[in-house]
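Colleague: I am attaching a structure below and will ask some questions about it afterwards.
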Amino acid sequence: TLHNLNFSVFPNLLRLDLKVNSLSDFIPQNIGVLSNLQFLDLSENYLIGTLPLSIANLTQVFELDVSRNNISGVLDPTLFPDGSHTPKTGLIGIRNLLFQDTLLGGTIPNEIGNIRNLTLLALDGNYFHGPIPSSLGNCTHLSILRMPQNQLSGPIPPSIGKLTNLTDVRFFSNNLNGSVPQEFGNLSSLIVLHLAENNFVGELPPEVCKSGKLVNFSAAFNSFTGPIPRSLRDCPSLYRVRLEYNMLTGFADQDFGVYPNLTYMDFSYNRVEGNLTANWGACKNLQYLSMAGNGVSGNIPSEIFQLEQLQELDLSSNQLSGEIPPQIGNSTLYELNLSENKFSGMVPAEIGKLSNLRSLDLSMNMLLGPIPNQIGELSNLQNLNLSNNKFIGTIPYQIGNLADLQYFLDLSYNSLSGDIPSDLGRLSNLITLNISHNNLSGSIPHSLGELLSLSVINLSNNNLEGPVPNGGIFNSSYPLDLSNNKDLCGNIQGLQPCNVSLTKPGDGGSSNKNKVVILIGASLGGAFFISLVLVGIFFFIYKRKSRAPSQRNSFSRPNPFSIWFFNGRVVYRDIIEATKNFDSQYCIGEGALGKVYKAEMSGGEVFAVKKFKCDSENFDMERIKSFENEVEIMTETRHRNIVKLYGFCSQGMHTFLIYEYMEGGNLAEMLRDDKGALKLNWHKRVDIIKSVASALSYMHHECASPLIHRDISSKNILLSFDLSAHVSDFGTARFLKPDSPIWTSFAGTYGYAAPELAYTMAVTEKCDVFSFGVLALEVLTGKHPGELVSYIQSCSDEQKVNMKEILDPRVLAPSKKHVLKQ
């Protein structure tokens, strides 16, 4: 703690840098005696309490940083100059003021505008509410203004337009409303402008890129109307643009220019019309392009498929027509979505050259002809949706080569004929299969009964006949629809056994033989397949109103490393050196998908590095999926009781996540060790339960969509040096979006998982709540869930159990006074 320091013996101290030192307790009042101090950095510690008012005596300080602590309370107005010509106290000389990721709340005091030399104000990720002070317009030297991820409301004050030195403005993830003041056109030095995830209305500032310096612009998830600003068309400096989910109007062939530096463009779900032009092919660095949910029409210019960096292309839900150009084979796409358009003609054979493709959706078009055999060459494909087209011919047996096909294969609502190829039985990872509403004939291949991964299958509305396979999904409680076929038989409820005639002369019901409907698991109802077939929504989906960075972090292979915090000091090479290329002596834990290493950097920082296995090609896709899922979630969540992700890397053989290091290890090990259990007194144990509850409340209720962890257990609760709890391991977690299915494969730890999950596979918040209850019992009793079950079963129904009898006997039972205090 800082209380052991006698600051009065350092009257001439100019610089005090104590960041990342595991400091705890309060900031002492006597810190105010350092009247000559010019630099004070207490960031990234465990400091608590309020900011001492004595800080107002530090009139010479030009930089103050208390970010990433548990500082609470409000910003007292007396911390800032009083507005007089010659103020005596307050942070008079401050230029850089950083209060990021703390527990500070209340309103931002108007007095903050009296800091005339202020150049950087960073209030990210706090609990401030109320309006943005108009007095900030007095801080004419301000260059960086950051207030995202708070609860600020009201309009942006027009006085901000007077801050002509501003280069970086971030207001995203608040409750701001009204229109953006036209005075923003005066901000001629803007490089970054983030307005996303608010309640703004009206038009975007027409001169938002008047200077041509704008690099990063986001106004997504608001209610902006009117035209896309013309100044954006002539803004070659743009690097990232996010305008999705507004009501903006414009023309795709008139309102966008050539952007040599652009890597990311998303104006999906607006009201943009017009045609695509070859100009998009001139954006040579473009990696992500989405204009889904608009009224864009015409053909796809072949130039788009010449973009060597393009990884994701989403043109779905538009009015595009014509044929898919054969130049598609020149691209390096990872994801392609052309669904819900008016494409016609045949799918070009060149599509088989997309060797990196993971997701292909061409559904709901007017494509015809046979499905090209070359589809079977897409070796990395995980999702394939060709439904609702006019395909004819047989199902290519080459589809059986898609060993990584996992989430769904949907060929429904076409005119496919012939037998179901037995090669589909080689899709050993496939979860959902839908080939309904075709003209398929013959019997169901027995190989489909050997697909243990298959959880949903729809073969309805075909001409299938003969015996139904006995194994796999055909002998389980998973959803199964075989309705409206020819003469299927088998040991399935609703079907005749194969040795009994399906029709009897004179039987009035025999005319309805094609209306056999089998619904295994009747509680799922008739809509089971529609909800499940949507499974497989990929990573990098933007989350509405989450308390997290609104920027989409691209981490695909061409951009191998991304890191934030510590000003880039943590780099790939340093991690390799710190762990001696992941030598076993630095290994501190191991799980199903990899190992965790302790990395102590040359500067003294310590991190936990979670390295994913890549031992075999067969395991590679599971590793990538878990890695991508964890990065997506951890970059879009922030809570004091959720372990912090500092960076990630995927390059060659090395795929790892960089987390804050937790000195206390995991809760499971602490409870199993008698000495460790003694450290967990009742005060600590109650705090652990409350901390996990707080994290779950945030995940379930404060994220844009509920975030379900799916594996709350003591091994996934990490403890800091002061034994505060942090939820970790989000590799199997998932967001519950309103339009996504709730069904999933089993994930979790036996003993903690809700029992209904084993047969319904329905993921809701209740799954985490059940696991939390088991965890709470484990913390209080010191017993593993398996031991708890044995103990409960040993008690008779009539037996009354004293509460003290089930509490952990290794710790002295709490007194009545202590219980009341807790």
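What follows is calculated from the coordinates using simple rules that are stated; it is not laboratory data. It should be emphasised that the depicted structure is a prediction, and the values quoted were computed from it without experimental measurement. Note that each Cβ is placed from the backbone with ideal geometry, even for glycine, and that neighbours are counted across all protein chains shown.
Colleague: Give me the distance between the Cα centres of the stretch 660-679 and the stretch 109-131, rounded to whole Å.
Modeller: So the separation of the two Cα centres works out to 40 Å.
Colleague: I would also like to ask the following. Consider all pairwise Cα distances in the stretch 319-413 and report the whole-number % of them above 15 Å.
Modeller: Details: 2508 of 4465 pairs.
The share of Cα pairs beyond 15 Å in the stretch 319-413 comes to 56 percent.
Colleague: In nm, what is the difference between 0.36 nm times the number of residues separating LEU777 and SER179 and their Cα-Cα distance?
Modeller: Values: separation 598, 0.36 × 598 = 215.28 nm, distance 5.09 nm.
Here the segment from LEU777 to SER179 would lengthen by 210.2 nm.
Colleague: Take ASP41, ASP711 and order them by how many other Cβ atoms sit within 10 Å, fewest up front.
Modeller: Details: ASP41 19, ASP711 22.
Ordered from fewest to most neighbouring Cβ atoms within 10 Å, ASP41, ASP711 come out as ASP41, ASP711.
Colleague: What order, most packed first, do the peptides 154-162, 78-86 have when packing is the mean number of other Cβ atoms within 10 Å of each residue? Working shown, then result.
Modeller: Values: 154-162: 18.2, 78-86: 14.7.
Descending packing order for the listed peptides: 154-162, 78-86.
Colleague: With +1 on each Lys and Arg Cβ and -1 on each Asp and Glu Cβ, how big is the dipole of the stretch 360-488 about its Cα centre, in debye rounded to the nearest 20? Don't skip to the end; give the middle numbers.
Modeller: Values: 3 positive and 10 negative charges, 27 e Å.
Around 120 debye, computed over the stretch 360-488.
Colleague: Assuming R0 = 35 Å, can you tell me the calculated FRET efficiency for the pair LYS675 and THR78, based on Cβ-Cβ distance, to the nearest 0.05?
Modeller: Working: r = 47 Å, r/R0 = 1.35.
E(calc), rounded to 0.05, equals 0.15.
Colleague: Also, I was wondering about something else. For each of GLU600, GLU244, count neighbouring Cβ atoms within 10 Å of the residue's Cβ, then give the residues from fewest to most. Kindly include the intermediate steps, with their values, before the conclusion.
Modeller: Working: GLU600 13, GLU244 23.
Listing GLU600, GLU244 from fewest to most nearby Cβ atoms yields GLU600, GLU244.
Colleague: Take the alpha-carbon centre of the stretch 20-87, take the same for the stretch 432-490, and report the distance between them in whole Å.
Modeller: 68 Å
Colleague: Still on this model: By average Cβ neighbour count within 10 Å, what is the ranking of 8-15, 688-695, 699-706, 581-588 from highest down? Numbers along the way, then the final one.
Modeller: Details: 8-15: 10.9, 688-695: 19.8, 699-706: 17.4, 581-588: 12.4.
Result, highest mean Cβ count within 10 Å first: 688-695, 699-706, 581-588, 8-15.
Colleague: Report the paramagnetic label zone for SER22: residues of the stretch 654-688 whose backbone N is under 16 Å from a point 7 Å from Cα along the Cα-to-Cβ axis.
Modeller: The answer is 660-666.
Colleague: On to the next question. I want to check the label-to-label distance for LYS580 and ARG116. Put each point 7 Å from Cα in the C-beta direction and report it in nm to one decimal.
Modeller: About 5.9 nm separates the two model spin labels.
Colleague: Please list, in chain and number order, the residues 5+ apart from LEU47 or on another chain whose amide H is under 5 Å from its amide H, with Hs placed from the backbone.
Modeller: ASN70
Colleague: Still on this structure, I have one more. Once phi is turned into θ = phi - 60°, what whole-Hz ³J(HN,Hα) does the Karplus curve with 6.51, -1.76 and 1.60 give for every residue of the stretch 377-389, x standing for Gly and Pro?
Modeller: 8, 7, 5, 9, 5, 10, 9, 9, 10, 10, 5, 6, 10
Colleague: Would you list THR764, THR432, THR263 from fewest to most Cβ contacts within 10 Å?
Modeller: Working: THR764 16, THR432 25, THR263 20.
By the 10 Å Cβ count, ascending, the order reads THR764, THR263, THR432.
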